[in-house]
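Here, each number is a calculation from the coordinates, and none is a lab measurement. Bear in mind that the values here come from a model prediction, so they are computed numbers and not experimental data. Please note: Cβ atoms are built from the backbone with ideal geometry, for glycine as well, and neighbour counts cover all protein chains shown.
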């Protein structure tokens, strides 16, 4: 299992729409708006890195998304 946090910057004023859209993406366990450099954060859990890449690409292509940054959990 791969866990990651996807930080999302949205177009001005579109964070509510993006939260709704991101919540429908397979693998997204939790999504919420935040204050700061990013507008939305999504917690993602998928089977493998290939699925993570697919999920992040789906999120990045959603209407209203400007860019994303993905923080992948490391096991130590």
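If each DSSP helix of 4+ residues adds -39,500 (n - 2.57) and the sum is divided by the residues in the chain, what number results at 222 nm, nearest 500 deg cm²/dmol? Working shown, then result.
Working: 2 runs with 21 residues, N = 76.
My calculation for the chain gives -8000 deg cm²/dmol from helical runs alone.
Could you state the orientation-averaged shadow area of the convex hull built on the Cα atoms of the chain, in nm² to one decimal?
Values: hull surface 19.1 nm².
Result: 4.8 nm².
What FRET efficiency, computed as 1/(1 + (r/R0)^6) with R0 = 35 Å and r the Cβ-Cβ distance, is obtained for residue 24 and residue 74, rounded to the nearest 0.05?
With a Förster radius of 35 Å, E is 0.80.
What is the extension gain from residue 5 to residue 63, computed as 0.36 nm multiplied by their sequence separation minus the C-alpha to C-alpha distance, in nm to one decimal?
Gain on stretching residue 5 to residue 63: 18.9 nm.
Which whole-number percent gives the relative contact order of the chain, counting Cα pairs below 8 Å spaced six or more residues apart? Don't jump to the answer; show the numbers that get you there.
Details: 145 pairs, mean separation 35.0, N = 76.
Result for the chain is 46 percent.
What is the helix-to-structure angle for 49-60, meaning the angle in degrees between its Cα long axis and the longest Cα principal axis of the chain, kept from 0 to 90 and rounded to the nearest 10?
Value to nearest ten degrees: 0.
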